[in-house]
1. Pop out the ³J(HN,Hα) list for region 25-38 in order, Karplus 6.51 cos²θ - 1.76 cosθ + 1.60 with θ = phi - 60°, rounded to Hz; leave Gly and Pro as x.
2. How large is the helix-only mean residue ellipticity at 222 nm for the chain, computed as the sum of -39500 (n - 2.57) over DSSP H runs with n ≥ 4, divided by its residue count, in deg cm²/dmol to the nearest 500?
3. Restricting to Cα pairs below 8 Å that are 6+ residues apart, what does the relative contact order work out to for region 9-56? Please round to a whole percent.
4. Relative to the present Cα-Cα distance, how much length would full extension add between residue 10 and residue 23 at 0.36 nm per residue of separation?
5. Could you give each residue of region 48-54 its phi-based ³J(HN,Hα) in whole Hz, using Karplus coefficients 6.51, -1.76, 1.60 with θ = phi - 60°, and x for Gly or Pro?
6. Here are several values of Cα Rg over 2.2 N^0.38 Å: (1) 1.64; (2) 1.45; (3) 1.21. Which one was derived from the coordinates shown?
Amino acid sequence: MRSNVKGNYFSFPDGDMRVLIDTPCPEIVFVFNETEWNDFSDALSESTYMSEIYQMMSS
């Protein structure tokens, strides 16, 4: 686990560890295994980076 959600990992009945991410809507909770979380985290980082590039190009 390479992120700050390490403390939010829980063991599920199938033996896998998953992270639970609450949203502002209590009925919606995102659940990721470690691989999915790392992919999601990478995608968010890339989108932030690309957003900054687009802002620089439009200035």
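1. 8, x, 7, 10, 10, 8, 10, 10, 7, 4, 5, 4, 5, 4
2. Numbers: 1 runs with 25 residues, N = 59.
Rounded to the nearest 500, it is -15000 deg cm²/dmol.
3. Details: 35 pairs, mean separation 10.7, N = 48.
With pairs under 8 Å counted, the relative contact order is 22 percent.
4. Working: separation 13, 0.36 × 13 = 4.68 nm, distance 1.72 nm.
Residue separation times 0.36 nm, minus the Cα-Cα distance, leaves 3.0 nm.
5. Each residue's phi maps through the Karplus curve to give 5, 4, 5, 4, 5, 5, 4 Hz.
6. (2)
Every number in this text was worked out from the coordinates using simple rules, so none of it is lab data. A quick note: this is a predicted structure, and the numbers were derived from the prediction, not measured.
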